[in-house]
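The values are calculated or read from the model by the stated rules, or taken from the named source; none is laboratory data. These numbers come from a predicted model, not from an experiment. Heads up, the Cβs are rebuilt from the backbone with ideal geometry, glycines too, and the neighbour counts pull from every protein chain shown.
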């Protein structure tokens, strides 16, 4: 039996996507400008379950707008302090594994967050690793094709006169 590729698994769930049977989440691409340089770096964290590289993301929260949720998740999952943009940067889709064992497509609204600092004490410390990457390195580390594209566009989106 051949192993299903990620894209093949996602395509097999397309019916759910088109029928609107998806979940919605909000995420932050956390970036920083390197001192004295135009280049930026992107912070990735590991997921708690599989240890793969991801960006901070979470579920809608009562009373919070999408960009506020993204900012909150960046704090809880990575100890990020910074300024989040209200306008979404883009979207990506991935397959969320539920506690029941089922998978459901998740549409993730992504916001850019410029990191002012990292706190070493945050709610999920010890449960995740965090590491800085160039945009291309970050794109190579994540699994989701649409997220790869978003990560590659960060440099141009945050650098004036480029």
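Some notes on this structure:
- Condition check for residue 89: over 13 Å from the mean Cα position of the chain (by Cα), surrounded by 14 or more Cβ atoms within 10 Å (Cβ to Cβ), touching a residue at least 40 places away in the same chain (Cβ under 8 Å) and on the phi < 0 side of the Ramachandran plot: no
- Any chance residue 135 is under 15 Å from the mean Cα position of the chain (by Cα), at pLDDT below 95 and either more than 19 Å from residue 48 (Cβ to Cβ) or surrounded by 17 or more Cβ atoms within 10 Å (Cβ to Cβ) (or both): no
- Meets criteria (under 15 Å from residue 46 (Cβ atoms), surrounded by 14 or more Cβ atoms within 10 Å (Cβ to Cβ) and under 16 Å from the mean Cα position of the chain (by Cα)) for residue 142: yes
- Residue match in the stretch 102-113 (condition: in a loop (DSSP other than H, G, I, E, B) and either closer than 17 Å to residue 43 by Cβ or modelled with pLDDT of 95 or more (or both)): no
- Inspection of the stretch 64-80 identifies no residue that is over 22 Å from residue 23 (Cβ atoms), exposed (fewer than 15 other Cβ atoms within 10 Å of the Cβ), out of contact with any helix residue (DSSP H, G or I) (no Cβ under 9 Å at 6 or more places or on another chain) and in contact (Cβ under 8 Å) with a residue 12 or more places away in the chain.
- Qualifying positions in the stretch 120-162 - in contact (Cβ under 8 Å) with a residue 60 or more places away in the chain and more than 15 Å from residue 31 (Cα to Cα): 124, 127, 128, 129, 141, 142, 143, 144, 145, 162
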